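Each reported figure results from applying straightforward, stated rules to the coordinates on display, with no laboratory input. Because the structure is a prediction, the values reported are computed rather than measured.
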Amino acid sequence: MTFKNWLINCSDYSKYGWLSVDTENDKSFPDTNNYLEISNYLVEKNAGEMSKTLFNQAYEEYSS
């Protein structure tokens, strides 16, 4: 399962809820397992620090 699919399947009530909704609505969000690809995408899209922090936390949970 890719990170995007994993995140979208998180409950809207989880700590990643709004991030999962934003990811689902972003049709160009990378559908991959590659941390650097997703991280670079967030930088290119000028994601805020909160989004990047939540991404790092979610990716750590996803990859464990």
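Structure summary
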read-out	value
Using θ = phi - 60° and Karplus 6.51 cos²θ - 1.76 cosθ + 1.60, couplings along the range 25-32 (whole Hz; Gly, Pro as x)	7, 8, 5, 9, 4, x, 9, 8
The chain: most fluctuating residue of SER28, SER20, SER51 per GNM, C-alpha cutoff 10 Å	SER28
Anchor LYS27: lysines whose Cα lies under 19 Å away (excluding residues fewer than 8 positions away in-chain)	LYS4, LYS45, LYS52
Gain on full stretching of the segment that runs from SER39 to LYS15 - 0.36 nm per residue minus C-alpha separation	6.7 nm
Candidate values (1) 14, 15, 13, 12, 10, 10, 8, 7, 6, 4, 1; (2) 22, 65, 12; (3) 22, 51, 23, 5, label of the one derived for P(r) over Cα pairs in 10 Å bins from 0, in percent	(2)
Gaussian network model of the chain, springs between alpha carbon atoms under 10 Å - residue of LYS52, LYS27, LYS15 with greatest fluctuation	LYS27
